[in-house]
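Notes for the one structure printed next.
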Amino acid sequence: MALPAVLLLAGATLLFTPISALAQVCLGSPNAPGQFSLTGDANITERTNDFGVGVEANVPGPLGLRAGVSLEEDASDERVARFEGRVSYDIRSNGLSICPVTGADYTSRSINEVSTTRIRIPLGLSVGGRIALSDGGPALIPSARAGVAHRRFTQESITETDNSLFVIGGGTISVDEFFVRGEAGLDSADDVDPFFSVSLGVRF
């Protein structure tokens, strides 16, 4: 899906749906204030897949946190560990959660005694909300975020940096203490494929 279409779809979802902000939802999390959740995650692209686990916390107040680790497998069957973290700060406005979001993804690999590392630091703005599908029943949490990402790639003594634009949109269905989340994302960097991710989680 083209980048303008993703933005249009996310904007229409968030602007024309009655939303009540009942939790910190900018990152698609159904956690209420003071809750945390554990997730199982799968991230799928054309060239690589990774599977991992994460923990998400809605700190009492406006702060939302996520940390995760995953094992990546690419076309050459190389396995690589990836670590990621997110921080969002909730600013409420007319029933819609609006959050500045930042974080970091860190990947390190070694092949034939050649070591490479990559760090990606996104800085963006996210919006989200919570829609009760029935009284006391399931809830839908749509969210979308966009911004700029700074990347640094190091291979032995060579270091390269660049910046790119990204957009991510998706939704979460929450039933009791369980939830499933799906997201799709695009990045303007030439070497970054569009991705689709699915997370299954439980809240505590």
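The values are calculated or read from the model by the stated rules, or taken from the named source; none is laboratory data. Every value quoted in this text rests on a predicted model; they were computed, and no experiment measured them. Positions of Cβ are backbone-derived with ideal geometry, glycine not excepted, and every protein chain shown enters the neighbour counts.
Within the range 183-194, can one find any residue that is surrounded by fewer than 20 Cβ atoms within 10 Å (Cβ to Cβ), at negative phi, among the polar types (S, T, N, Q) and out of contact with any helix residue (DSSP H, G or I) (no Cβ under 8 Å at 6 or more places or on another chain)? Please lay out each step first, then the result.
To start, the set of residues in the range 183-194 that are surrounded by fewer than 20 Cβ atoms within 10 Å (Cβ to Cβ) comprises 184, 188-194.
Narrowing further to those that are at negative phi: 184, 188-194.
Within this subset, residues satisfying the condition of being among the polar types (S, T, N, Q) are 188.
Now narrow it down to the ones that are out of contact with any helix residue (DSSP H, G or I) (no Cβ under 8 Å at 6 or more places or on another chain): none.
Taking every residue of the range 183-194 in turn, none turns out to be surrounded by fewer than 20 Cβ atoms within 10 Å (Cβ to Cβ), at negative phi, among the polar types (S, T, N, Q) and out of contact with any helix residue (DSSP H, G or I) (no Cβ under 8 Å at 6 or more places or on another chain).
Using the structure shown, decide if L200 is under 18 Å from G52 (Cβ atoms), surrounded by 13 or more Cβ atoms within 10 Å (Cβ to Cβ), at pLDDT 95 or above and in contact with a Ser or Thr (Cβ under 8 Å, 6 or more places away or on another chain). Don't jump to the end; show me each part of the working.
Numbers: under 18 Å from G52 (Cβ atoms): yes; surrounded by 13 or more Cβ atoms within 10 Å (Cβ to Cβ): yes; at pLDDT 95 or above: yes; in contact with a Ser or Thr (Cβ under 8 Å, 6 or more places away or on another chain): yes.
In short, yes.
Of the residues A12, A42, which single one is loosely packed, with under 15 Cβ neighbours inside 10 Å and modelled with pLDDT of 95 or more?
On the way: A12 fails: modelled with pLDDT of 95 or more.
Only one candidate passes the filter, namely A42.
What are the pairs with Cβ atoms under 7 angstrom where one residue, in the range 154-174, is charged (D, E, K, R) and the other, located anywhere, is surrounded by 14 or more Cβ atoms within 10 Å (Cβ to Cβ) and assigned to a strand (DSSP E or B)? Sequence gap at least six, or different chains.
E160/F153; D162/R151
Given the structure, is F179 touching a Leu at 6+ places or on another chain (Cβ under 9 Å), buried (at least 17 other Cβ atoms within 10 Å of the Cβ), modelled with pLDDT of 95 or more and of a type in the set (F, W, Y)?
Yes.
Criterion first (closer than 18 Å to R82 by Cβ, assigned to a strand (DSSP E or B), among the hydroxyl-bearing types (S, T, Y) and out of contact with any Gly (no Cβ under 8 Å at 6 or more places or on another chain)) does T154 satisfy it?
Criteria met by T154.
Can you tell me which of G182, G201, G147, G124 is within 28 Å of L63 (Cα to Cα), of a type in the set (G, A, S), in contact (Cβ under 8 Å) with a residue 60 or more places away in the chain and part of a strand (DSSP E or B)? Reasoning before the result, please.
Numbers: G182 fails: in contact (Cβ under 8 Å) with a residue 60 or more places away in the chain; G147 fails: in contact (Cβ under 8 Å) with a residue 60 or more places away in the chain; G124 fails: in contact (Cβ under 8 Å) with a residue 60 or more places away in the chain.
The unique qualifying residue is G201.
Can you tell me how many residues in the range 99-127 are buried (at least 17 other Cβ atoms within 10 Å of the Cβ) and on the phi > 0 side of the Ramachandran plot?
Total satisfying the criteria: 1.
Please go through the range 65-89 and pick out each residue that is over 19 Å from A42 (Cβ atoms) and either at pLDDT 90 or above or assigned to a strand (DSSP E or B) (or both). Break it down stepwise before answering.
The first filter runs over the range 65-89 and keeps only residues over 19 Å from A42 (Cβ atoms), leaving 65, 76, 87-89.
The answer is L65, V87, S88, Y89.
Just the residues that are free of Cβ contacts under 8 Å to residues at least 40 places away in the same chain, part of a strand (DSSP E or B) and of a type outside the set (K, R), please, taken from the range 98-115.
Initially, the range 98-115 is screened for residues free of Cβ contacts under 8 Å to residues at least 40 places away in the same chain, giving 100, 102-113.
Okay, now just the ones that are also part of a strand (DSSP E or B), so 100, 102-111.
Answer for the range 98-115, where residues must be free of Cβ contacts under 8 Å to residues at least 40 places away in the same chain, part of a strand (DSSP E or B) and of a type outside the set (K, R): P100, T102, G103, A104, D105, Y106, T107, S108, S110, I111.
Going by the structure shown, is S157 farther than 18 Å from D193 by Cβ and loosely packed, with under 13 Cβ neighbours inside 10 Å? Break it down into steps so the answer makes sense when it comes.
Details: farther than 18 Å from D193 by Cβ: yes; loosely packed, with under 13 Cβ neighbours inside 10 Å: yes.
Here the answer is yes, as S157 does meet what is asked.
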